[in-house]
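Asks: My questions all concern the structure below.
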Amino acid sequence: MSDDARWDVIVVGAGAGGAAAAYGLCRHGRSVLLLDAGPRFDPSTDYPLTEADWDEREFPQKPGSTGRVTFASGQKLGSEPLLASGSRGLGPLANGGTRLMDSYQHVRGIGGSTLHFTGESHRLHPAAMKMKTRFGVAADWPFDYGALEPYYVAAEQLIGVAGPAAQGARWRSRGFPLPPHPLSYASQTLGKGAKALGLDWQANSRAALSRPFNGRVPCNYCGGCNKGCPRGDKGSADVTFIAAALATGRCTVRPESPVIRIEAGPNDQVAAVFVGRADGSLERIVSRHVVLACGAVETPRLLLASEGLGNESGEVGQNFMDTLFVTVGALHGEPQHGRRGLPSDAITWDFNAPDAIPGVIGGCRFYNAAGESELGGLAAFALRAVPGWGRAHAQSVRRLWGHALHVGAIGERLPNRDSRVDLDPNERDRFGMPLARIASVLADTDIARLRFMAGKAHELLAASGAERVYENYSSWDWFVATHVFGSCRMGDNPASAVVDAFGRSHRWRNLWIADASVFPSSGGGEAPSLTIHALALRTAERIAGS
């Protein structure tokens, strides 16, 4: 290893994993260069929730904040009326009998996709970490829940997670740092339906402050989490882990610094990374350790583009798992005020265990999806929920506005050999680096799980008093991934895993991965950010001790 390394560790990617890894390393006395391909976001100017057209805006896109990907052809579809995506106002979404390969929803920038995320903060179900041993599917995590639990605690304490006293099988050595948020009106209505069905319905654990915490203000319940939080009460990585890393004085953050290639060196160590400059040239930067935290799409892309670095097992890009989701919207006879309150504020874990769904391996969870359904303003409601035009349409919108009720479900996604990330043979970025190409194929068991999720969502809406379903969306016919996992799986066996139990390459002794690409299984619908944080803190501790 060269002696001219300016930093102890280079961390590539400033999202959930990279931010937590940088903080963990700095806390242990290491100097860190944190690189990201995207820009900085300024919450005070980039998230204009007070503008008149706020409801028509998505999360802001800045130059370089969204990476390009390509897609393999979508799989052929059969007939699944309960799973077909569309709304009364806009009609069906996917046409032509094939799955619509639409988008990979992510953010490049300092904070990554946590800038855009809702802020659910979940621990994995302990049984979901032993899917191979217990159920013969996916792969086991190379450690159990207990090994990760202290790092869950550390992440929750830094973020300021608000949550209930207990969450079923997820035992805790320490309570959440903040009390749970009060349930919104819509969640209270869904809670009555859940009770009628015999389901538990509780406050969701959220990376949003229910009280002032560490100099940050509490949530004001505007419902705009997915559009970017201008107040800093949402626990995105920029205002939590990155701010804490910078406070140590050991972290240097460089936005707009895409890593194009990793250079292999002697003695099974990587030597340097090459960073693209604005003029198209490359800068070579040396470090004693390199941590990749680019996510389950861009991390395998970078390794494969670096002459297959770390792919001795042939597993880089394999075992890709994407979001398995259902969202159902209906109109209720009484106003539900779904645009108010904290998004995803209530949840049921009753079907989250891997064996909780009758006849199907792999769990799921259900939650109040009013906030995530992007119906905070009149524009989307008028287009999707109430078809028509002219004066009659306007009268219907006035009469029905605020009556929407949404149930969302997210479920286990099992890996298969037809779902992967590889390099597009034709498309390249401006530095000549091949784009990532995503192939996603749902197996029969995934579709069976989706059927259960859709059926139960309809059942919960009906039990809650909803009168008319007006939209239904699912990943059966619509690939629009937010949570992605598994393309650089961790494991003890170098023949079947890319990294070991601490995220280190089985061959390259100073190359580490700290993002969701290392997940051996996806979990039963848990949001992954907290687990990514915990894994990254664990990896950072290991690097600091090496």
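Asks: Show me 436-449, 5-18, 483-496 ranked by packing, highest mean number of other Cβ atoms within 10 Å first. List each step's numbers first, then the result.
Replies: Numbers: 436-449: 20.1, 5-18: 26.9, 483-496: 22.4.
Taking the mean over residues of other Cβ atoms within 10 Å, the ranking is 5-18, 483-496, 436-449.
Asks: For R430 and R277 in the same chain, what is the full-extension length gain: residue separation times 0.36 nm, less their Cα-Cα distance, in nm? Provide the component values of the computation, followed by the final result.
Replies: Details: separation 153, 0.36 × 153 = 55.08 nm, distance 1.07 nm.
Length gained, R430 through R277: 54.0 nm.
Asks: Turning to a different aspect of this structure: For helix 185-196, what angle does its Cα long axis make with the longest principal axis of the chain, in degrees from 0 to 90 and rounded to 10?
Replies: Compared with the principal axis, the helix lies near 80 degrees.
Asks: Once you charge only the Cβ atoms, +1 for Lys and Arg and -1 for Asp and Glu, what is the size of the charge dipole of the chain about its Cα centre, to the nearest 20 debye? Don't jump to the answer; show the numbers that get you there.
Replies: Working: 56 positive and 54 negative charges, 155 e Å.
Roughly 740 debye for the chain.
Asks: Mind ranking 47-60, 267-280 by how tightly packed they are, going by the mean number of other C-beta atoms within 10 angstrom, highest first?
Replies: My ranking of the peptides, most packed first, is 267-280, 47-60.
Asks: Quick check: the distance between the Cα centres of region 101-147 and region 312-326, to the nearest angstrom?
Replies: About 12 Å separates the Cα centre of region 101-147 from the one of region 312-326.
Asks: If you stretched the chain out fully between A169 and R68, how much longer would it get, using 0.36 nm times the residue separation minus the C-alpha to C-alpha distance?
Replies: Values: separation 101, 0.36 × 101 = 36.36 nm, distance 3.90 nm.
That works out to 32.5 nm of additional length.
Asks: Could you size up the charge dipole of region 398-546 around its Cα centre, putting +1 on the beta carbon of Lys and Arg and -1 on that of Asp and Glu, and report it in debye to the nearest 20?
Replies: Numbers: 18 positive and 17 negative charges, 51 e Å.
It comes to approximately 240 debye.
Asks: Rg over Rh of the chain, using C-alpha atoms and the Kirkwood radius, what does it come to?
Replies: Working: Rg = 22.4 Å, Rh = 23.5 Å.
Computed over Cα atoms, the ratio is 0.95.
Asks: Would you mind counting up the charge near E156? Only other residues with Cβ under 12 Å from its Cβ, with Lys and Arg at +1 and Asp and Glu at -1. Walk me through the intermediate numbers first.
Replies: On the way: positive: R123, R170, R172, R174, R206; negative: E149.
Surrounding charge for E156 is +4.
Asks: Related question: Could you state the angle between the C-alpha long axis of helix 390-400 and the longest principal axis of the C-alpha atoms of the chain, as a value from 0 to 90 degrees rounded to the nearest 10?
Replies: Once rounded, the angle reads 80 degrees.
Asks: If I fit a long axis through the Cα atoms of helix 145-159 and take the longest principal axis of the Cα atoms of the chain, what angle between them do I get, 0 to 90°, rounded to 10?
Replies: 80 degrees
Asks: 222 nm [θ] for the chain, helices only, -39500 (n - 2.57) per DSSP H run of 4+, per residue, to 500? Don't jump to the answer; show the numbers that get you there.
Replies: Values: 11 runs with 118 residues, N = 546.
The helix contribution divided over the chain gives -6500 deg cm²/dmol.
Asks: Quick check: the distance between the Cα centres of region 10-29 and region 417-494, to the nearest angstrom?
Replies: Their Cα centres are 28 Å away from one another.
Asks: Next question, about the same structure. What is the count of Lys pairs in the chain whose alpha carbons sit under 25 Å apart, if the two are 8 or more places apart or on different chains? Can you show the working numbers first?
Replies: Values: K62/K227; K62/K234; K192/K456; K195/K456.
Close lysine pairs under the 25 Å cut-off: 4.
No lab work stands behind these numbers, since they all come straight from the coordinates. Since the model is a prediction, treat every value here as computed from it, not as a measurement. Ideal geometry is used to build each Cβ from the backbone, glycine not excepted, and the neighbour counts take in all protein chains shown.
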